[in-house]
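The values are calculated or read from the model by the stated rules, or taken from the named source; none is laboratory data. Please read all numbers here as calculations on a predicted model, not as lab measurements. Here the Cβ positions follow ideal geometry from the backbone for every residue, glycine too, while neighbour counts run over all protein chains shown.
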Amino acid sequence: MSTTIDARGLSCPQPVLMFMDATKSSADKEFIVLVDSDASMENVSRAAESKNCTVTVTRQADEYRLDIVRPL
Amino acid sequence: MVKNFFSTRKGIITVGAVIGILAPLLQKLGNPGNMGICVACFGRDIAGGLGLHRADVVQYLRPEIIGFVLGSLAAALIFKDYRARTGSAPFVRFILGVFAMIGALVFLGCPWRALLRLSGGDWNAILGLAGLICGIWIGTLFLKNGYNLGRTQKTHFSAGLLMPLVMAGFLILMLIYPQVAQEPKSGVLFYSVKGPGASHAPLFIAIGSGLIIGFIAQRSRFCTMGAFRDLILFKQVHLLSGVIALIAAALVMNLILGQFHMGFEKQPVAHNLHIWNFIGMALAGLAFALAGGCPGRQIFLSGEGDGDAAVFVFGMITGSAFAHNFGLASSPAGLGPHGMAAVAAGFAACLFIGFTMRKTI
């Protein structure tokens, strides 16, 4: 199972806060984070990588999808 | 995908260092003391240049600010990072901008200037920075408790161009009505013949520096408020490393240029009322945290299509007009006659916003 976080339209630090909260409240290993700015994409990636997650970023038109996998 | 160099640790340090090098140089070339760049002071000078307030010592359409917006626009367009957007509680952001400016003008500087004052040896900046961090910390408490101003909406490509066009218009006005020596007015624009507004680097150097900083700051997301917010909220030091680089580079530059003068007394465009340096910046820090960016960052965002950030910037410009029309701004002589009341009103407004604007998203 994965948790999807729709942070489109939200500016920093909201996307990072939402991702961090989700990692605490969910036992899921995979997270999908949707953002619509480069700054949010970079901020969430940085936060995830600081928690040793792997991050795969896909640009879809003007938006980004981040597939984040937590370490075991 | 090409990695954005400026979003890396080395990148943000580079940007902080470039600002730290250019600001003291701009001071050497004519900008006011420890004010190579100050987004609050320069916004206030722009308000004066347009006649929105009539404090005759602070009137000048600062080209650095124009450069910031246009440089950010260029970077956003080149790197496909331009997104026209608006609609996340714009009037709330306007009010936050007003009180952010009033708080900053009680201290006499934005966070950038606080860093530059510190690197010029003005120890009063320590109180300002402590207040700034305290205000940001209060802001993080609201953020942890669900404070947010809601989502933006995509809007017309051209809507995001309005702020850069306004700034381009200001530049055109400066070219049509250039400063005339010892004259307080040129065409529709007001100029200072004495005081900080009369101290400025040559126009094209100022705008060139602004363009460079705007370009690289847009790419790096350099933000002084975010530096402390991310440290408090996430224990992240990414943005903070840029702030430290700015201080270090500016300190070295000030030592080289002979602009480093240690002490609390007789510092340029500063007062040494410690409590009010702290409280003024605490108000500004809280307003920046609630709005999601320091004044510099808001200006860069306004260049990349963020209409809400543009509203915040014009809130700041309006706030500076209130500050000087109502006697709220400090001066080297001390507080303005109504500065304390304005700070109290500002905290009341920010707390109202922080406590009431929460929702589950």
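Residues in region B:91-99 include at least one that is among the charged types (D, E, K, R) and touching a helix residue (DSSP H, G or I) at 6+ places or on another chain (Cβ under 7 Å). The set of residues in region B:116-160 being within 11 Å of chain A (Cβ to nearest Cβ) and at positive phi consists of B:Gly146, B:Gly150. Name the residues in region B:80-101 that are surrounded by fewer than 19 Cβ atoms within 10 Å (Cβ to Cβ) and away from chain A (no Cβ under 14 Å), would you? Correct list: B:Phe91 only. Could you check region A:9-35 and list, in sequence order, the residues that are farther than 16 Å from A:Val69 by Cα and at the interface with chain B (Cβ under 7 Å from one of its Cβ atoms)? Scanning region A:9-35 gives A:Gly9, A:Leu10, A:Ser11, A:Cys12, A:Pro13, A:Gln14, A:Leu17.
With respect to (1) in a loop (DSSP other than H, G, I, E, B); (2) under 20 Å from the mean Cα position of the chain (by Cα); (3) within 14 Å of chain A (Cβ to nearest Cβ), the lone exception for B:Ala75 is condition (1). Listed by position, the helices (runs of 4 or more DSSP H) inside region B:102-213 whose residues that are surrounded by fewer than 20 Cβ atoms within 10 Å (Cβ to Cβ) and at pLDDT 95 or above number at least 2 are B:124-144, B:162-176. Selection over region B:214-242 of residues that are free of Cβ contacts under 8 Å to residues at least 24 places away in the same chain, at the interface with another protein chain (Cβ under 10 Å from one of its Cβ atoms) and either assigned to a helix (DSSP H, G or I) or buried (at least 24 other Cβ atoms within 10 Å of the Cβ) (or both) gives a count of 2. Only residues that are surrounded by fewer than 15 Cβ atoms within 10 Å (Cβ to Cβ), part of a loop (DSSP other than H, G, I, E, B) and among the aliphatic types (A, V, I, L, M) were counted in region B:314-360, giving 1. In region B:243-256, of all residues being buried (at least 18 other Cβ atoms within 10 Å of the Cβ) and of a type in the set (Gly, Ala, Ser), the one that is nearest to B:Asp81 (Cα to Cα) corresponds to B:Ala245. When region B:1-33 is filtered for residues that are assigned to a loop (DSSP other than H, G, I, E, B) and under 29 Å from B:Val311 (Cβ atoms), the ones remaining, listed by number, are B:Asn4, B:Asn31, B:Pro32. Among the residues making up region A:41-66, those that are touching a residue at least 24 places away in the same chain (Cβ under 8 Å) and either more than 10 Å from chain B (Cβ to nearest Cβ) or among the charged types (D, E, K, R) (or both) are A:Val44, A:Ala48, A:Lys51, A:Asp62, A:Glu63, A:Arg65, A:Leu66. May I ask you to verify whether A:Ser11 is more than 22 Å from A:Ala61 (Cα to Cα) and without any contact (Cβ under 8 Å) to a residue 60 or more places away in the chain? Against the criterion (more than 22 Å from A:Ala61 (Cα to Cα) and without any contact (Cβ under 8 Å) to a residue 60 or more places away in the chain), A:Ser11 does not qualify.
Might you check whether a residue that is within 14 Å of another protein chain (Cβ to nearest Cβ) and assigned to a loop (DSSP other than H, G, I, E, B) occurs anywhere in region B:244-262?
no
Regarding region B:257-272, can at least one residue be identified that is surrounded by fewer than 24 Cβ atoms within 10 Å (Cβ to Cβ) and of a type in the set (Lys, Arg)? Yes, region B:257-272 contains at least one residue that is surrounded by fewer than 24 Cβ atoms within 10 Å (Cβ to Cβ) and of a type in the set (Lys, Arg). I'm checking my understanding of the structure. Among residues of region B:78-130 that are among the small types (Gly, Ala, Ser) and within 16 Å of the chain's Cα centre (by Cα), which one is farthest from B:Val252 (Cα to Cα)? Per the criteria, the residue is B:Gly97.
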